[in-house]
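The values are calculated or read from the model by the stated rules, or taken from the named source; none is laboratory data. Note that this is a predicted model, so its numbers are computed, not measured. A quick note on method: Cβ atoms are made from the backbone with ideal geometry, for glycine too, and the neighbour counts reach across all protein chains shown. Remember, those area values only see protein heavy atoms, side chains included, never the ligands or the DNA or RNA. Shrake-Rupley method; radii C 1.70, N 1.55, O 1.52, S 1.80 Å.
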Amino acid sequence: MAPTAYRIEEMYKGRVNFVSVNGDDPRNWPLIEKLGVDAIPHMSMVESDGTVSTALIGAVPEDWLRSDIDVLLENAANANENDNARSEEHTSE
């Protein structure tokens with residue numbers, strides 16, 4: 001999965017943060033448990049508030065990764081638009 005992940009990371013550079021975690025390092029176990037990692041490779045897609053929205057386990061086709069990331073980016077953009085609209089409503093009252 002690493003070569004695919006690196007290509008995806010380049011495609012979304014500046015819009016998505018990618019973090020690799022070494023599962024062999026005991027210092028990372030609390031994070032591994034929090035993300036529910038039970039197999040490797042494991043890719044967790046985490047929202048800006050820390051919510052795990054998707055977990056992909058095993059070898060995943062590149063188009064699946066792009067599709068899932070695109071949905072998360074679209075959802076984030078829509079949430080920002082909704083927040084801005086609510087903010088404008090309150091300031092105009």
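Can you compute the modelled spin-label distance between Arg27 and Tyr12, with each label point 7 Å from Cα toward Cβ, in nm?
Spacing of the two 7 Å Cα→Cβ label points: 2.6 nm.
If you fit an axis through the alpha-carbon atoms of helix 62-92 and take the longest principal axis of the Cα set of the chain, what angle between them do you get, 0 to 90°, nearest 10?
Approximately 30 degrees, to the nearest ten.
Ignoring any ligand, DNA or RNA, what whole percent of the accessible area of the chain comes from carbon and sulfur when the probe is 1.4 angstrom?
50
Determine the per residue accessible area of the chain with all protein chains present and a 1.4 angstrom probe, expressed in square angstrom.
On a per-residue basis, 75 Å².
When the convex hull of the C-alpha atoms of region 1-48 is computed, what volume per residue in Å³ does it have?
89
Label-point separation (nm) for Glu74 and Val46, each offset 7 Å from Cα along Cα-to-Cβ?
2.5
Considering all projection directions equally, how large on average is the shadow of the alpha-carbon convex hull of the chain, in square nanometres?
Value for the chain: 7.3 nm².
What does the charge count near Ile32 come to, summing +1 for each Lys or Arg and -1 for each Asp or Glu among other residues with Cβ under 11 Å from its Cβ?
Local charge sum for Ile32: -2.
Rounded to the nearest 20 Debye, what is the dipole magnitude of the chain about its Cα centre when Lys and Arg each give +1 and Asp and Glu each give -1 at the C-beta?
Here the size comes out at about 380 debye.
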